[in-house]
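Read the structure below first, then the notes.
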Amino acid sequence: MRTHREQLIPTNAPLVGFGGTRVFLLGAITLPVMVGDYPQQITEDVTFLMVNCSSAYNAILGRPTLNSWKAATSTYHLMIKFPTDHGVGELRGNQVAVRECYVAMMEMEDHLQAMSIEEHRSTTEPVEQLEEILLDDFEPDRTAKIGTLATPVVRQALTAFLKKNQDVFAWSHEDMPRIDPLVMVHRLNVSPSFPPVRQKKRLFALERDWAIAEEVCKLQEANFIREVYYPDWLANVVMVRKASGKWRMCVDFTDLNKACLKDSYPLLRVDILVDSTAQHQLLSFVDAFSGYNQIRMHEADQEKISFVTSQGLFCYKVMLFGLKNAGVTYQRLMNKMFTQ
């Protein structure tokens, strides 16, 4: 294609296959691509990631490119259609040519593997690992993890950034001030046509009852629950064994969720989130400390999420995972935070 190594933009992000194999990039290059037949055609710059590996195709167009073209694809008709200034453009596939490329690739595969087997034996593919860094010299438990495949300059800058902003992390419930109710609260929106349901208390084995008592004590210390009297809605707790062998206490809000109207606020699509990470060298994950519990319940709805235990009747003052529309409320908060 008459391109030289000097034209490539260096990049450190590898491509990861379905089997977990990694292919390290030679670099990235932006080239003009013309599709369609005149006059229904478009020409746009496309950034390609270049790799040194055998393939039946010279280039693969990803979803970010097709989305930028506003293209509609049909695998059944082997066709892509896209809007242009002079009408709808078409790009048709050739099944015969594709089959010939595939057969030629399969014939070359054994030969290429024989040539590269010694090279694979002598080289070891670097594996991404996590390095634990200490954020506070006086608090050994306050740590964070960063990837080891990043360059030393990037890792040093990232470590300095995390240490400088360590005050934004929550290490305990006392460090979590919770979201101001003026910013976001969770409302149940119970339909008045549903009568309140009071579930009959379930009996638990002694081991589970102890675990419930311990969890109730923790929730009271964290100020997540409060004691209630004569609630209209009442649910039972459900104990689930975790992988570590300990118990997790959940609440059966099946009856309450049936009475709540659905919130149609749109949630993010996972494929769009994945596409948005394209052409970025660094990816960070933020684990929100008790993220749902940082959102308060509306005061008028708190007693509707009451539950019964051997220790008494309690209700949550914060939002829970098991409540209907809880994910929508959390998405509203995230959208509001990142648009400020």
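The values are calculated or read from the model by the stated rules, or taken from the named source; none is laboratory data. This is a predicted model, so every value here is computed, not measured. Because the Cβ atoms are built from the backbone with ideal geometry, glycine has one as well, and the counts that use them run over all protein chains shown. The area values use the complete protein model at the heavy-atom level, side chains included, leaving out ligands, DNA and RNA. Shrake-Rupley method; radii C 1.70, N 1.55, O 1.52, S 1.80 Å.
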### Message
farther than 30 Å from residue 53 by Cβ and modelled with pLDDT of 75 or more: is that true of residue 87 in this structure?
### Response
yes
### Scope the range 225-242; condition part of a loop (DSSP other than H, G, I, E, B) and more than 26 Å from the chain's Cα centre (by Cα); matching residues
228, 229, 230, 231, 232, 233
### Residues that are in a strand (DSSP E or B), open to solvent by less than 60 Å² (accessible area, probe 1.4 Å) and in contact with an Asp or Glu (Cβ under 9 Å, 6 or more places away or on another chain), drawn from the range 67-98
79, 80, 82, 89
### Task
Please go through the range 149-182 and pick out each residue that is assigned to a helix (DSSP H, G or I), closer than 17 Å to residue 318 by Cα and open to solvent by 80 Å² or more (accessible area, probe 1.4 Å).
174
#### Entry: Sole exception among (1) at pLDDT 90 or above; (2) open to solvent by 80 Å² or more (accessible area, probe 1.4 Å); (3) out of contact with any helix residue (DSSP H, G or I) (no Cβ under 6 Å at 6 or more places or on another chain) for residue 194, by number
(3)
### Query
Out of the range 1-50, which residues are open to solvent by less than 50 Å² (accessible area, probe 1.4 Å), assigned to a loop (DSSP other than H, G, I, E, B), in contact with a Leu (Cβ under 9 Å, 6 or more places away or on another chain) and not hydroxyl-bearing (Ser, Thr, Tyr)?
8, 13, 14, 25
